[in-house]
1. Taking region 158-185 as the search range and keeping residues that are touching a residue at least 60 places away in the same chain (Cβ under 8 Å) and outside any helix (DSSP H, G or I), which one is surrounded by the most Cβ atoms within 10 Å (Cβ to Cβ)?
2. Filter region 201-236 for residues that are polar (S, T, N, Q) and either modelled with pLDDT under 95 or not in a helix (DSSP H, G or I) (or both) and give the result.
3. Among 155, 191, which is under 13 Å from the mean Cα position of the chain (by Cα) and either at pLDDT 95 or above or more than 22 Å from residue 110 (Cα to Cα) (or both)?
4. Could you identify the single residue in 98, 37 that is under 30 Å from residue 146 (Cα atoms) and not acidic (Asp, Glu)?
Amino acid sequence: MSWKPKRFWKDATVEACEGGFTVRLDARPVKTPGKNLLVVPTRAMAEAIADEWQAQQGLVRPETMPFTRAANSALEKVAPQFDEVVGLLAAYGDSDLLCYRATSPVELIALQQAGWDPLLDWAATELGAPLVAVAGVMHIPQPVGSTARLHQMTAALSPFQIAAFHDLVMLSGSLVLAFAVIHSRLAPEEAWELSRIDESYQASLWGEDSEAAALAETKRLAFHQAAAFWAICAAN
């Protein structure tokens, strides 16, 4: 049986430190899995992490600590390989979910047009990155200037912002939807629903499979957690 950490502390508190803020469990500073001091950029983030530690009872359950996990990811996964992570995410601009449309039935085509066309218009006008939509699933290259612009915007984010942005992109399958969330063009739930147009349409026809519904709900909650982590990246 593998060892599992148990709660040993009375209080989880926030403390200013060099480079930002950290969390202490009584006298002990919280450390990353790599044994480095956990230092985050905002007090709001540190307070959210402290709340997660304070809520633990008995065995520590990392799956109930999304902000702690996101901060660890920013420090130990994103920061050391920043360019590679940026490249991975920016590549979604060349194969964005919103650009690949159904060829039938007409009801699904209309749903995609109504939901996705305004976001592509927004990307063109507000982000300076026009993208081309196509019927079918065959890949078409997007304008070089647009993909370069999306890469530039992604690279401008901090490692902590990238940790949130990564999940917004990966869970939705869309770089445009992720940018729409972080620019407050869409609320997280709106973006999530737009990413699920195809699945929701199929469920309306054939009913919803319970296992698929449970998995979708897990992803939806993770999408909201990523949006919440983004919000505290800049909060005081």
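The values are calculated or read from the model by the stated rules, or taken from the named source; none is laboratory data. Just so it is clear, the model here is predicted, and its values are computed rather than measured. Don't worry about glycine lacking a Cβ; one is built from the backbone with ideal geometry, like all the others, and counts go over all protein chains shown.
1. 174
2. Passing the criteria: 202, 204, 210, 236.
3. Only one candidate qualifies: 191.
4. Of 98, 37, the one residue that is under 30 Å from residue 146 (Cα atoms) and not acidic (Asp, Glu) is 98.
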